[in-house]
Amino acid sequence: MEVKLAEYAGFCFGVKRAVDTVYAQLNTGKKIYTYGPIVHNDEVVNELCEKGVIVLETKEDLIALTPLECENAAVIIRAHGVPESIYQLLEDKGLECVDATCPFVKRIHNIVRQKSEEGYHIVIIGNAGHPEVEGIVGWCIHGATVLEKPEEAEGFSASLDEKICIVSQTTFNYNKFKLMVEIFENKGYNVNVVNTICSATEERQRSAQKLAAEADVMIVIGGKHSSNTTKLFEICQSECANTYFIQTLDDLHLELPKAVRLVGITAGASTPNKLIEEGQNYVRINF
Ligand code: F3S
């Protein structure tokens with residue numbers, strides 16, 4: 001029986017960089033806070049908390065830190081990025097800021113800042129409640145319009161003289177983005193479109209689908225709250241009926257029939273390599 005890992009699986013570049021940053025900062029001897037959980041994976045977050053990392057869940061948590069709690073402390077900004085106002089808040093509180101914003105997200109901050117300075121109305125195609133989108137909005141000088149569904153693009157209205165700059169959340173679906181941009185163009189708006197979708201999500205989905213199509217059993221590893229892992233699970237399940245969604249090896253109770261020739265493994269963008277390797281070894285040793 002063969003065990004095969006999807007070509008693209010697990011941490012994307014930006015998340016790996018952010019998690020590595022936390023581990024590196026732990027060696028500095030400072031108190032380490034992360035602004036939000038560094039990654040949507042309980043295993044990783046719990047391990048870091050055991051090593052002393054404190055998660056600030058909200059802006060209010062940051063505001064509430066006492067001068068003593070801010071002494072000799074650093075706050076790590078995760079890959080999603082944050083609004084500009086958070087940097088100011090960190091400075092006001094005398095906290096060191098360690099910025100692990102993914103460079104692809106930082107690029108969007110720079111675009112919306114520059115375009116809003118040039119007088120563009122910024123439209124962000126994405127989910128308004130997602131921290132990445134909240135962060136992007138926080139770099140627009142006069143706010144932004146966030147649209148998630150084609151119906152919302154249909155309902156958008158502004159003067160036709162207005163210059164509009166459209167960007168996207170990095171994990172947004174490309175076909176839906178294209179459709180929404182077309183709605184703007186068909187309505188006659190003067191749009192400047194920057195496709196800021198990151199290829200990491202699509203690469204993971206495409207390679208998971210390819211592997212699931214040839215596998216007899218598929219194992220998808222990831223956090224139960226991770227939307228990209230759930231999406232991977234759905235894609236794999238549509239290609240391979242024997243698809244299992246596990247968070248850790250403890251969830252894996254496989255009874256593999258003798259006829260199984262290929263077990264495929266994939267993992268969400270917030271699943272660390274360690275868990276993926278454990279999964280591969282477990283299947284190799286036990287079956
Ligand atoms: Fe960055 Fe793309 Fe990951 S934007 S955080 S590398 S999904």
Legend entry - Selected residue (criterion: farthest from the ligand (Cβ to nearest atom)) from residues of segment 192-204 that are in contact (Cβ under 8 Å) with a residue 60 or more places away in the chain and of a type in the set (A, V, I, L, M): Val194
Inset, instruction - Looking at (1) farther than 26 Å from Trp139 by Cβ; (2) polar (S, T, N, Q); (3) within 16 Å of the ligand (Cβ to nearest atom), find the lone condition where Gln169 falls short. - result: (1)
Inset, instruction - Go through segment 136-174 residue by residue and tally those that are part of a loop (DSSP other than H, G, I, E, B) and open to solvent by 70 Å² or more (accessible area, probe 1.4 Å). - result: 8
Legend entry - Residues of segment 56-74 classified as touching a residue at least 40 places away in the same chain (Cβ under 8 Å) and in contact with a Ser or Thr (Cβ under 9 Å, 6 or more places away or on another chain), total: 1
Inset, instruction - Look at Phe177 and say whether it is over 29 Å from Gln280 (Cα atoms), within 16 Å of the ligand (Cβ to nearest atom), assigned to a loop (DSSP other than H, G, I, E, B) and open to solvent by less than 70 Å² (accessible area, probe 1.4 Å). - result: no
Legend entry - The lone exception for Thr271 - which of (1) more than 16 Å from the ligand (Cβ to nearest atom); (2) open to solvent by less than 20 Å² (accessible area, probe 1.4 Å) it fails: (1)
Inset, instruction - Give the residue that is farthest from the ligand (Cβ to nearest atom), with candidates limited to residues of segment 95-122 that are over 17 Å from Val15 (Cα atoms) and open to solvent by less than 10 Å² (accessible area, probe 1.4 Å). - result: Ser116
Legend entry - Failed criterion for Ala24 (all others in (1) part of a loop (DSSP other than H, G, I, E, B); (2) free of Cβ contacts under 8 Å to residues at least 40 places away in the same chain hold): (1)
Legend entry - Within segment 211-220, tally of residues that are crowded, with 17+ Cβ neighbours inside 10 Å and either assigned to a helix (DSSP H, G or I) or touching a residue at least 60 places away in the same chain (Cβ under 8 Å) (or both): 4
Inset, instruction - Go over the candidates Lys187, Lys178 one by one and state the one that is more than 30 Å from Cys12 (Cα to Cα) and either more than 14 Å from the chain's Cα centre (by Cα) or β-branched (Val, Ile, Thr) (or both). - result: Lys187
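The values are calculated or read from the model by the stated rules, or taken from the named source; none is laboratory data. Computed from a predicted model, the values in this text were never measured in an experiment. Positions of Cβ are generated from backbone atoms using ideal geometry, with glycine treated the same way; all protein chains shown enter the neighbour counts. To get the accessible areas, we keep the full protein, side chains included, count just its heavy atoms, and leave off ligands, DNA and RNA. Shrake-Rupley method; radii C 1.70, N 1.55, O 1.52, S 1.80 Å.
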